[in-house]
Each structure stands twice: as C-alpha cells, then as structure tokens.
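Shown next, in structure tokens, is the structure this report addresses.
Read the figures in this text as sums done on the coordinates, not as results from a lab. Worth saying up front: this structure is predicted, and the values here are computed from it rather than measured. Glycine gets a Cβ as well: all are built from the backbone with ideal geometry, and neighbour counts include every protein chain shown.
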Amino acid sequence: MRRVMRRVMRRTLGGLAGLWLMLGAAAALGDELPRIGVLVYNGNDTFISHVSASIEKAAEGRARILFRDSHNSQILQNEQVGQLLADGVDAMIVNAVDRTSAIYLIRMVAPYGIPIVFNNREPLLEDLLEYGKAFYVGNNPKESGQMCGELIARYVREHPETLGEDQTLQYVMLKGEPGHQDAELRTVYSIKALKDAGIQLERLQETSAMWERSIAQEKMAGFIASYGNRIECVISNNDEMALGAIEALKAAGYFSDGRTIPVVGVDATDAAREALLEGTLLGTVLNNAEAQGNAALSLALLLMEGELSEDDFPYPLDHKPYLWIPSETVTRTEVEASDPV
Ligand code: GAL
C-alpha cells in the first residue's frame, strides 16, 4: 500500500489532487508489485531482445514490467519516458537510443525521486553523477574488444601461414553504430591486443554495419569483390555482423574445400554458437544478456528502497555508478563443453 501511495503521490506531482483522490486512485491501482518501465532503443536488435527477455524473467513475482520499443527514435523515447512518469512507474530501465541524451532523461526522472538504470548504451560519467539513483549496467567494451583481438592473435600463433609472405595481417573491421561505446572501444581494443601480441597489421577496410547482419553481408561482399583473398581476417563488433560477413564469405567459396578465414564477433548469441559448432565463426565474446538483465532489474528494485549497499548486491560495484558484467571468450570448445552433442 505504501508503494501504491508513493506512486500516486508521484502521479500528482505538479498537480492539485487532494488526499481523497490519492486514496481512491490507490485503491483502483490494486496490485502491490512495483511497476518498472523498460525502454529499448530497438526491439528488433537480437542482443537487446535477449536482455529484454532476461529482465522479464528476472521480474517474475518481483515487479510488473511495462515495455516500450523506442524504434530508434530518441524523440519517441523521451515521450515514452514522460508518459511512464505520468503513469506513476516506480523505476525505469533505459536502453537509450542516443547515449548522449541520458542527461535529458535523468533530469526528467530526478524530480520523481525514482531510480533510472541505463543499460547497454553508456551515459557519460558526469551525467550519471548528477543523480544518486542513476546507474549503468553493461559490458565493458575494452575487455570484450581485447578478447576479440586475443582470439585472432591465438589463431595466428597457431596458424602462422595466415599472415602470408608479407608477414602482415590484412584485416577488415566491421563496426557497430558510430559513437556507441561498444563500437568505438571494441574496435580500438581489439587492434591494441593484436599489436600487443606483436602482430603487424594492415587495415584494408573499416566500416560501420550498424550491428546488422544484412548490412554486414552486403558490405563484406563488396570488400571480397575489391580485395579477394588479400583479406586475412574479419573482426566484427558483434555476432550479427560477423554472421553477415560469414554469409558473404560462404557465397565466395569460403568454408568449403579447406578454404577458411578467421572471423570473430561479440555477444555469443544462439546463432553465433551454431556458427562456432559449424566451424565458420572462430570465436566470440560473451556479452552476458542474462546477467545484465538480472542486474538491471535487481539494481532498480534495490535503489527504490533507498541507498545501495554492497552487501545486498551480487554484482561487482567497484566502478560505481557503472556496473560492468564480466565478459568471457567463447569458442567451439566452450560450446561443446556446455552443450555436449
Ligand atoms: C552491443 C551488442 C550489439 C548490439 C548493441 C546495441 O552491446 O554487442 O549486438 O545489440 O549493443 O546497442
């Protein structure tokens, strides 16, 4: 009842309703579970749909989720946040369309005193610090980028012929959305890991395929047409784009008759795991959708009750207000071990 009353009081923030109105509305609202608004930048994104499913699962019996798909429009997302606030939600989990808009959303939410937990698209530190109930949950892109580079470095060590006569690795980089921290930092850190491993590099192409399989497939087909077998490896910021590249490579005769090329991605989606078993994808890095969804929901619920204490929370808080869920390298070996065929 206290929670319902709080919600009703927030609803009337800026309004003129009296106590009798609050009591009536509280009775009408009925259930006691906290209501959490969950907004995603684009419901069609494969990885994001896994995170949404895990939030939904984590919420069972603990919260009622109100999902909103922002269809890649920050303007729409701002409106959705405004509407959810007017509806009196108790907390918000936001996968921002444009991470630089976080400050705007924080300032919308702060007067209501409810938590806002961002996920997947990382706000700037100074923005999060404006409000004690603003947090971020996601993957550390430096770590996942580095692991991608290490996967390729290990492959080159085991297959030195990959480098060809010039002893240089000619690579293609498929980037996610420009400006997204996971796209920018995974790119930089995968290359850094290769350089740190002492591998000489030549970038043939670097392009954004916006996290999407079909765009990557089309771009990769163009690169194969231009560079042919000068391409010695493909580094992709996520699995969907890696799978698009693999489609283009297959169409050009790769992955049959012993013709192969190392391709790496990030996320460890189900489709990527299949590609690992098929032997087309060399490796990927776990972007842990389940843990991220669970952590975002638990964090939102804890922050609703007050200050966050390290004892209450099973995830690493040493970079507060950022909460990075650890990455893990996933290759065919790990998939076979976890899911023996
Ligand atoms: C990344 C993920 C991509 C895509 C993107 C959306 O973390 O690796 O596959 O989902 O987030 O923001």
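From the square roots a ≥ b ≥ c of the eigenvalues of the alpha-carbon gyration tensor of the stretch 142-266, which class results: rounded (a/c under 1.5), prolate (a/b over b/c), or oblate?
Verdict is oblate for the stretch 142-266.
Mean residue ellipticity at 222 nm from the helices of the chain, using -39,500 (n - 2.57) per DSSP H segment of n ≥ 4 over the full residue count, to the nearest 500 deg cm²/dmol?
Taken over the chain, the calculation gives -14000 deg cm²/dmol.
What is the chain's relative contact order, in percent, from Cα pairs under 8 angstrom and six or more apart in sequence?
In percent, rounded to a whole number, it is 17.
Any chance you could run the full-extension gain for Glu307 through Glu165? It's 0.36 nm times the residue separation minus the Cα-Cα distance, nm to one decimal.
The span from Glu307 to Glu165 would gain 45.1 nm if fully extended.
For the chain, give the share of DSSP beta bridges that are antiparallel, in percent and rounded to the nearest 5; count only bridges with both residues there.
Close to 5 percent.
May I ask for the angle, rounded to the nearest 10°, between helix 74-86 and the longest principal axis of the chain, with both axes built from Cα atoms and the value confined to 0 to 90°?
So the inclination is approximately 30 degrees.
Roughly how far apart, in whole Å, are the Cα centres of the stretch 251-268 and the stretch 284-330?
A separation of 34 Å, based on Cα centres.
With a cut-off of at most 16 other beta carbons within 10 Å, and DSSP calling the residue loop, which trypsin sites (Lys or Arg not before Pro) in the stretch 59-150 qualify? Please list them.
Counting only loop positions with at most 16 other Cβ atoms within 10 Å, the trypsin sites (Lys or Arg not before Pro) in the stretch 59-150 are Arg62.
Can you list residues from other chains, or at least 5 along the same chain, whose modelled amide H is less than 5 Å from the amide H of Val330?
Thr284, Val285, Leu286
Output the pairs from Lys133/Lys320; Lys219/Lys250; Lys195/Lys320; Lys192/Lys219; Lys142/Lys192; Lys142/Lys195 with a Cα-Cα distance over 20 Å in this structure; if there are none, say none.
In this structure, Lys195/Lys320; Lys192/Lys219 exceed 20 Å between Cα atoms.
Helix 46-59: angle to the longest alpha-carbon principal axis of the chain, degrees 0 to 90, nearest 10?
40 degrees
Filter the trypsin sites (Lys or Arg not before Pro) in the stretch 228-317 to those in DSSP coil with at most 12 other Cβ atoms within 10 Å of their Cβ, and list the result.
Arg259
Using DSSP to define loop residues, name the GluC sites (Glu not before Pro) in the stretch 205-252 whose beta-carbon has at most 10 other beta-carbon atoms within 10 Å.
Passing sites in the stretch 205-252 do not exist.
For Leu204 and Thr100, what does the FRET efficiency come to when R0 = 45 Å and r is the distance between their Cβ atoms, rounded to the nearest 0.05?
Efficiency at R0 = 45 Å is approximately 0.90.
Which of Val172, Val97, Val285 comes first, and how do the rest follow, when ranked by fewest Cβ neighbours within 10 Å?
Ordered by Cβ neighbours within 10 Å, fewest first: Val97, Val172, Val285.
Starting from the 7 Å offset along Cα-to-Cβ, what nm value, one decimal, do you get for the label separation of Ala110 and Leu124?
It works out to 1.4 nm between the two label points.
Would you mind calculating the gained length between Ala53 and Leu66 on full extension (0.36 nm times residue separation, minus the Cα-Cα distance), in nm to one decimal?
Taking Ala53 through Leu66 to full extension adds about 3.4 nm, to one decimal.
Measure off 7 Å from each Cα along the Cα-to-Cβ vector at Glu278 and Arg157, then give the distance between these two points in nanometres to one decimal.
2.9 nm
Pairing the Cα long axis of helix 141-158 with the longest principal axis of the chain, what angle in degrees results, from 0 to 90 and rounded to the nearest 10?
Roughly 20 degrees between the two axes.
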